[in-house]
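Participant: Attaching a single structure in structure tokens format; questions to follow.
The values are calculated or read from the model by the stated rules, or taken from the named source; none is laboratory data. Given the structure is predicted, the values throughout are model-derived calculations rather than measurements. For neighbour counting, all protein chains shown are included, and Cβ atoms are generated from backbone atoms with ideal geometry for every residue, glycine included.
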Amino acid sequence: MKSTVEQLSPTRVRINVEVPFEELKPDFDRAYKALAQQIKIPGFRPGKAPAKLLEARVGRGAVLEQVVNDVLPKRYSEAVIETKAKVIGQPEIEITKIEDGEELAFTAEVDVRPEIALPDFSTLAVTVDPIEISDEDIDEQLQSLRQRFGTLKAVERAIESGDFVSIDLSATVDGEPVEEASTSGLSHEVGSGQLIEGLDETLIGLKEGESKDFTSKLVAGEHAEKEAIITVTVQSVKERELPEADDDFAQLASEFDTIAELNEDLKTRVERVKKVQQAGEIRDKVLEALLEQVEVPLPEKVVQAEIDAVKHDAVHGFDHDEAKLAEALEAQGSSLEEFEKDTKESAEKSVKTQLLLDAVAEQENTQVGQDELYERIIFQAQRYGMSPDQFIQQIQQAGQLPAVFADVRRGKALAGVVSSVVVTDTAGNTVDTAEMFGNPAEEAEEVSAEELATVADAAEAEAEVEAK
């Protein structure tokens, strides 16, 4: 087999493949064997009919078509390996020549990873906000902890923001009752904004046993988005009593003996959270700095595939009715045109980011260890409320395990760039990124295809242990 590559653009190639017919003999043998099992010819046992008789029955053209259809994917893959083309996306294959007994020729046009010139990472510099911990930050954490140990006490006064109420709700649209919008004994924290728009404002100032009407749009059911007159009746009013922030509370709510020790621990926790936030800011700004400096040609078909996927997911929730999607966007103060523009910009940035970080990973020879891959799978499974083995099975069925691997590799590649970038805060202090991102110079054994399967087996074994 002979294969050559033509560069059509920085992101697209045409692979030309020529296959001599003598190389297709094993493929013809398999085709005849399969036909012999399917076709009964008098005088021959199943699977034993000679090729000439089979050809006479179905025609040489049908056999040739079957062989060509079977060999194209395999020969295309071999050509990709032989030419070392860095293909992405699906190829457009065209058969250019079939001379029976002599040669099969075809072309495959496909998007490829462009050559990307990367800068010296040490020339990049970013500035982030410093980590500042105020008394208000610690008080906020302490207040949240006190609320967890608070108790509700009935009060005989007008409702205030922050009170807890039990209410009855009923609604009418055009004078007709809306049954699905009626409920009784509903618990609600006033000021949380978790129920109907306008409810909290209506409740403030009411007392137990009082009712009041207000107008609001219904958010679900047959009358969704319609204006309704809603009646709210207050059944009870309670306020939350918080325990005193003293040594007794520290002993109740933590392992510490004094409120001073508890406050010091809360300060440590706040600092830890702010470091995570700062690490996120550093990562985002380094990536933005890279994207601004590096020219990344975009493969049009890959970008379009991402756009199509987003649009498909968007209209799926509206029974694939684009007009309904447009109506929903207008209700939110947007439009279908703005949605499509934003989707295109987002897809272009997403593809550019992936190609850029893949180039960084290739240049820096970034390796991903099995433990790192498994850690990401555990994290993703928790996000979706699934066990690791369930998540593994789902992404395997969808063919997404290599994509998870690629995502981990890109993240590690970006962490490596961060280690070379000069990072300072707005106060002029140098930020130590090693503590946040680890040491990317530490080598990890690359995950092989077999080890990808091992990760899946490990998740399944862990699930079995948990079940026992």
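Participant: Can you tell me which residue is surrounded by the fewest Cβ atoms within 10 Å (Cβ to Cβ) among those in the range 298-327 that are more than 18 Å from residue 11 (Cα to Cα), of a type in the set (A, V, I, L, M) and more than 17 Å from the chain's Cα centre (by Cα)?
Facilitator: Top of the filtered list is 323.
Participant: Does any residue of the range 211-219 turn out to be more than 27 Å from residue 152 (Cα to Cα) and assigned to a loop (DSSP other than H, G, I, E, B)?
Facilitator: Yes: the range 211-219 contains one or more residues that are more than 27 Å from residue 152 (Cα to Cα) and assigned to a loop (DSSP other than H, G, I, E, B).
Participant: Could you tell me how many of the residues in the range 262-313 are assigned to a helix (DSSP H, G or I) and either hydrophobic (A, V, I, L, M, F, W, C) or farther than 30 Å from residue 141 by Cβ (or both)?
Facilitator: 29
Participant: Only residues that are hydroxyl-bearing (Ser, Thr, Tyr) and within 30 Å of residue 222 (Cβ to Cβ): list them for the range 125-184, please.
Facilitator: Listed by number, the residues that qualify are 166, 170, 172, 182, 183, 184.
Participant: Could you go through the range 24-45 and let me know if any residue there is of a type in the set (Asp, Glu), at pLDDT 75 or above, in a strand (DSSP E or B) and crowded, with 16+ Cβ neighbours inside 10 Å.
Facilitator: Checking the range 24-45: not a single residue is of a type in the set (Asp, Glu), at pLDDT 75 or above, in a strand (DSSP E or B) and crowded, with 16+ Cβ neighbours inside 10 Å.
Participant: Please state which one of 58, 71 is more than 30 Å from residue 294 (Cβ to Cβ), surrounded by fewer than 18 Cβ atoms within 10 Å (Cβ to Cβ) and touching a Leu at 6+ places or on another chain (Cβ under 8 Å).
Facilitator: Selected residue: 58, the only one of 58, 71 that is more than 30 Å from residue 294 (Cβ to Cβ), surrounded by fewer than 18 Cβ atoms within 10 Å (Cβ to Cβ) and touching a Leu at 6+ places or on another chain (Cβ under 8 Å).
Participant: Give the residues of the range 72-93 that are within 23 Å of residue 303 (Cβ to Cβ) and not in a helix (DSSP H, G or I), sorted by residue number.
Facilitator: 85, 86, 87, 88, 89, 90, 91, 92, 93
Participant: Working only within the range 94-124, note down all residues that are within 29 Å of the chain's Cα centre (by Cα) and more than 25 Å from residue 301 (Cβ to Cβ).
Facilitator: Passing the criteria: 119, 121, 124.
Participant: Here is a follow-up. Hey, among the residues in the range 136-187 that are under 38 Å from the mean Cα position of the chain (by Cα) and of a type in the set (S, T, N, Q), which one's nearest to residue 274 (Cα to Cα)?
Facilitator: Here the answer is 141.
Participant: Test residue 360 against the criterion of being buried (at least 17 other Cβ atoms within 10 Å of the Cβ), touching an Asp or Glu at 6+ places or on another chain (Cβ under 9 Å) and either at pLDDT 95 or above or assigned by TED's automatic domain parsing to the domain that holds residue 292 (or both), and give yes or no.
Facilitator: Spelling it out, it is not the case that residue 360 is buried (at least 17 other Cβ atoms within 10 Å of the Cβ), touching an Asp or Glu at 6+ places or on another chain (Cβ under 9 Å) and either at pLDDT 95 or above or assigned by TED's automatic domain parsing to the domain that holds residue 292 (or both).
Participant: So, residue 417, is that one out of contact with any strand residue (DSSP E or B) (no Cβ under 9 Å at 6 or more places or on another chain), at pLDDT 90 or above and under 20 Å from residue 365 (Cα atoms) or not?
Facilitator: yes
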